[in-house]
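Each reported figure results from applying straightforward, stated rules to the coordinates on display, with no laboratory input. Remember, it's a predicted structure, so these values are computed and weren't measured experimentally. Cβ atoms come from the backbone with ideal geometry, glycine included; neighbour counts cover every protein chain shown.
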Amino acid sequence: MLDVSLLFKIGATGILIIIIDKILKSGGKEDIAVVANLAGVILILMMVINLVSKLFTSVKTLFQF
Amino acid sequence: MIKIIACAVILGASTVAGFIYSERLKYRVFQLNEVQRAIYQLQNEITYVHALLPDAFKSVAQKSKEPIRELFNRTSELLSDNSYENVYEAMNSAINLIKNRIYLNSDDINVILDLSKTLGESDIEGQISIFSLTLANLKKQIKISEDYMNKNIKMYRYLGFSFGATIVIVLI
């Protein structure tokens, strides 16, 4: 069973990253906004990397006879 | 329970950090205006009263607010003690002494130091032209800093809160 709290966490992080991006862009700091977006992507990737690795191992075990 | 309190503390701390950082921009404009006023006064002391430089600095310091008062006071003391060869070195070391209390950036400080390089080394006419150049430069810096403040003061406040919220969400 998938942990639903992770989904909420990813959603909230996404919303906050959008807000930070908007604030930075309105302040005329587009380059920092891009860095903040990248940081957000990496943050969310770090959250799901465990699940992705689990998926890979389960797929691997599926094809091992 | 402890988790909620810790999250609230992190959120509060980052919000306060954002506010404190945005206050620095306000202080910079305030201190630049104070420097401008002090330089107008110094110009009067030199061109009208014909005061000696240490005395002129002292009298300007008495009429200024902290920390500009401290800057002119220290410069006056260093000049009276004959600790330095010229005004530039005295002012430079005075600025270094109060560096953690002034919010001016290096461009602003360079404008002040450029003035001090030529103070007391030419006749009244030369001084007046240097003063007008310095005041024009200062006005430019004040305009830049005001524009920067208006643009960024809200951004830093919101950013402080947003970063705090991001940290809290990652930690939960």
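Checking A:ILE44, A:ILE23 one by one, the residue that is within 15 Å of the chain's Cα centre (by Cα) and within 13 Å of another protein chain (Cβ to nearest Cβ) is A:ILE44 and no other.
Check region B:56-69 and report whether any residue there is among the hydroxyl-bearing types (Ser, Thr, Tyr) and touching a helix residue (DSSP H, G or I) at 6+ places or on another chain (Cβ under 7 Å). Yes - at least one qualifying residue is present in region B:56-69.
Look at region B:93-108 and say how many of its residues are part of a helix (DSSP H, G or I) and surrounded by fewer than 18 Cβ atoms within 10 Å (Cβ to Cβ).
If we filter region B:93-108 for residues that are part of a helix (DSSP H, G or I), which is where we start, we get B:93-97, B:99-101, B:106-108.
Add one more test, that the residue is surrounded by fewer than 18 Cβ atoms within 10 Å (Cβ to Cβ), and what stays is B:93, B:96-97, B:99-101, B:106-107.
Selection size over region B:93-108: 8.
Under 9 Å between Cβ atoms, which residue pairs at least 6 apart in sequence (or on different chains) link something in region B:145-162 that is part of a helix (DSSP H, G or I) with a partner that is surrounded by fewer than 17 Cβ atoms within 10 Å (Cβ to Cβ) and basic (Lys, Arg)? Matching pairs, first to second residue: B:MET149/B:LYS26; B:ILE153/B:LYS26; B:TYR156/B:ARG24. Selection within region B:132-154: residues that are under 18 Å from the mean Cα position of the chain (by Cα) and among the hydrophobic types (A, V, I, L, M, F, W, C). The member of this set that is surrounded by the fewest Cβ atoms within 10 Å (Cβ to Cβ) is B:ALA136. Which one is surrounded by the most Cβ atoms within 10 Å (Cβ to Cβ), of the residues in region B:56-85 that are part of a helix (DSSP H, G or I) and among the hydroxyl-bearing types (Ser, Thr, Tyr)? Across region B:56-85, the extreme among qualifying residues is B:THR75. Quick one: would you say B:LEU113 is hydrophobic (A, V, I, L, M, F, W, C), more than 14 Å from chain A (Cβ to nearest Cβ) and either surrounded by 14 or more Cβ atoms within 10 Å (Cβ to Cβ) or farther than 30 Å from A:SER26 by Cβ (or both)? Taking the combined requirement at face value, the residue satisfies it.
Scanning region A:1-14 for residues that are surrounded by 13 or more Cβ atoms within 10 Å (Cβ to Cβ) and either of a type in the set (Asp, Glu) or under 25 Å from B:TYR158 (Cα atoms) (or both) gives A:LYS9, A:ILE10, A:ALA12, A:THR13, A:GLY14. Quick check on B:TYR158: is it aromatic (Phe, Trp, Tyr), within 14 Å of chain A (Cβ to nearest Cβ) and closer than 30 Å to B:ARG37 by Cα? No; evaluated as a whole, the condition is false for this residue. The number of residues in region B:41-55 being within 21 Å of the chain's Cα centre (by Cα) and either within 17 Å of B:PRO67 (Cα to Cα) or not in a helix (DSSP H, G or I) (or both) comes to 2.
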